[in-house]
Amino acid sequence: MDFKEHIIEKLTELTGLQTADVAKAVETPPDEKLGDLAFPCFPLARVLRKAPPLIAKELAAQLSSDELICRVDAVGGYLNFFYNRAAFIENTVKAARSAGEDWGRSDIGKGRTVLVEYSSPNIAKPFHIGHLFSTAVGNSLAKIYKFLGYNVLSLNHLGDWGTQFGKLISAYKRWGDRELIEKDPINELLKIYVRFHEEAETQPELEDEAREYFKKLEDGDGETTALWKYFKDLSLVEFKRVYDMLGVEFDSYNGEAFYSDKMDEVVELLRAKGLLVESDGAQVVDLSDLNIPPCIILKSDGATIYATRDIAAALYRHRTYNFDKNIYVVGLPQALHFRQIFEVMKRAGWEWSKGCEYVGFGLVKLPGKAMSTRHGDVVFLEDVLNESIEKTKEIIINNGSSVDDIDDVSKKIGIGAILYTFLKNSREKDIVFSWDTMLDFDGDSAPYCMYGYARGRSILRKAGDIDYSNADLSLAVSDDAYTLVKLLNGFGGAVTDAAERNEPFYVNRYVTNLVKAFNKFYNTNPIMKSGVDEETKKARLAIVDAVCTVIKSALALLGISVVESM
């Protein structure tokens, strides 16, 4: 039984308003003391020709006998509803336990396809800490949409095309050592790439050589194509090792190169629509009416650029997947680029392009560290993940904790701590990397949430064979129990909010608040302590069981795995 829906239904019957209008008007009071739900009667004043306080008083009298409502207060022009706490706890906990890991899940996305493009590192370059922002947000969004019943495809739009590969081929032919590269691919490729830029500062002719090599690559030259594929294959092996650590999987690794033979059609389609104009020899779509720079489709030398490739990719995805949403999880500096290409597609008359959504995110700030691949000063993500795991292991050992598999526990907590940090705030907010905050077992962190789950599981293990399947949940009524169960009831809403705003932090904030309320609950409502009667114990165990399941589900939507003990 959904108590909110029940009240909306009753108000609809009594007021004659449309259900949608009532649902839009009801709100959650800022303080629990004011009730669980409030309804403003002001919109009824004109219809009923009565003052709102009088309307509220009359409606309160008509609703006071409802078995799901403890009381209804008329305060000014508002109706304040107080749920029957025993009934609410019983309904919610039983429903949550019956649903299990499907609690909060919905089928609102049934029959609809969502594409999520994220991560998208450049091949032959380090998978650095900055890439984790896109990877964490995108992976979480993919999980959230799946949880809501959408058909979801995760796309890794690899940076595997462009003049930088001409530079890398030039560098490899001059200084590459195949044996060294195969032992440590990314580091060695990075070294020669950095060396190319250093040498080019005094030998600018190297830039011309690089352009010639990329032209050969575009023309399908056998030797340069073989080298490009060699770099790509080596890179994917390295990338997949990091993805495996993160538990991230993709349905497609089609990068920029995949669309290189699909761009001529885009140029012709835009030309046929009369959208292309010449600007300094280049072919562009003029967007001056929006006060933004033109979108370059063909450079003055006739070459395409990444805007052309992105448009080609969107067209291909529409034809292949017939998507409802095509989400791009890309850093905020690319906001203008996406505004330009979305506008070009709109002007081309492609109605489906309305489903293309840009999901931007902030920067990762590492004190004293820059992340310019060109200069080689870069922080490898794999190194950061391994360091987090090792630091976590040290904390566990120093705390004297006893766990069955310290390596597995350290890995889950260490990686979870980093993912949580990247998802704890609005994605547009910059992240300041701090080990102390990240691995704080008492603060807003993954270790804190994971400990809450492990503590709950420990209580359930201690309960042993106690059967709480048919517990009398009216025995569990207390302020802290009620607050906790209300949060439990809000899981589905948090997931829906996260999807509607493409903001995983709604789920992150939800699970953190749930764990905080859970901690308070088991501190004020003893469960396995002596003196607690058996029936009360069963009722509280049922709540613990339901909460543990939801903590696990919520963390899973963030890409974080739980541990059974800490």
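The values are calculated or read from the model by the stated rules, or taken from the named source; none is laboratory data. Keep in mind that what you see is a predicted model, and the values were worked out from it rather than measured. Positions of Cβ are backbone-derived with ideal geometry, glycine not excepted, and every protein chain shown enters the neighbour counts.
Checked against the criterion of being farther than 24 Å from A499 by Cα, under 29 Å from the mean Cα position of the chain (by Cα) and in contact (Cβ under 8 Å) with a residue 24 or more places away in the chain, the candidates V47, V93, V75 yield just one match: V93. State yes or no: is I311 in a helix (DSSP H, G or I) and buried (at least 19 other Cβ atoms within 10 Å of the Cβ)? When the stated conditions are applied, I311 passes them.
Determine whether the range 169-189 contains at least one residue that is free of Cβ contacts under 8 Å to residues at least 40 places away in the same chain and closer than 30 Å to A554 by Cα. No: the range 169-189 contains no residue that is free of Cβ contacts under 8 Å to residues at least 40 places away in the same chain and closer than 30 Å to A554 by Cα. Y230: in a helix (DSSP H, G or I), aromatic (F, W, Y) and either without any contact (Cβ under 8 Å) to a residue 12 or more places away in the chain or not assigned by TED's automatic domain parsing to the domain that holds N156 (or both), yes or no? For Y230, the condition - in a helix (DSSP H, G or I), aromatic (F, W, Y) and either without any contact (Cβ under 8 Å) to a residue 12 or more places away in the chain or not assigned by TED's automatic domain parsing to the domain that holds N156 (or both) - is met.
Among the residues of the range 312-357, those identified as touching a strand residue (DSSP E or B) at 6+ places or on another chain (Cβ under 8 Å), within 17 Å of E256 (Cβ to Cβ) and of a type in the set (V, I, T) are V329, V330, I341. Exactly one residue out of V277, V267, V242 is farther than 21 Å from G159 by Cβ, among the β-branched types (V, I, T) and in a helix (DSSP H, G or I), and it is V267.
Taking the numbered list (1) surrounded by 21 or more Cβ atoms within 10 Å (Cβ to Cβ); (2) under 28 Å from N425 (Cα atoms) in turn, A539 passes all entries but (2).
Would you say L190 is of a type outside the set (D, E, K, R) and either in contact with a Phe, Trp or Tyr (Cβ under 7 Å, 6 or more places away or on another chain) or under 30 Å from D2 (Cβ atoms) (or both)? So L190 does not fit the description; no.
Taking the conditions (1) at pLDDT 95 or above; (2) surrounded by fewer than 21 Cβ atoms within 10 Å (Cβ to Cβ) in turn, V495 satisfies each one other than (2). For the range 422-447, a residue qualifies if it is buried (at least 21 other Cβ atoms within 10 Å of the Cβ) and more than 26 Å from V330 (Cα to Cα), and the qualifying residues are L439, P447.
A single member of I395, I305, I341 is surrounded by 14 or more Cβ atoms within 10 Å (Cβ to Cβ) and at pLDDT 95 or above, and it is I341.
Of the residues S235, S252, the single one that is crowded, with 18+ Cβ neighbours inside 10 Å and closer than 17 Å to N156 by Cβ is S235.
Looking at the range 550-566 only, could you name the residues that are surrounded by fewer than 20 Cβ atoms within 10 Å (Cβ to Cβ) and either part of a helix (DSSP H, G or I) or among the hydrophobic types (A, V, I, L, M, F, W, C) (or both)? Passing the criteria: K552, A556. When each of S410, S388 is tested for being of a type outside the set (D, E, K, R), free of Cβ contacts under 8 Å to residues at least 60 places away in the same chain, more than 23 Å from P121 (Cα to Cα) and buried (at least 17 other Cβ atoms within 10 Å of the Cβ), the lone residue that passes is S410.
Residues that are surrounded by fewer than 16 Cβ atoms within 10 Å (Cβ to Cβ), modelled with pLDDT of 90 or more and of a type in the set (K, R) within the range 2-54 comprise just one, K24. For the range 448-463, the criterion of being outside any helix (DSSP H, G or I), without any contact (Cβ under 8 Å) to a residue 60 or more places away in the chain and surrounded by fewer than 21 Cβ atoms within 10 Å (Cβ to Cβ) is satisfied by no residue at all.
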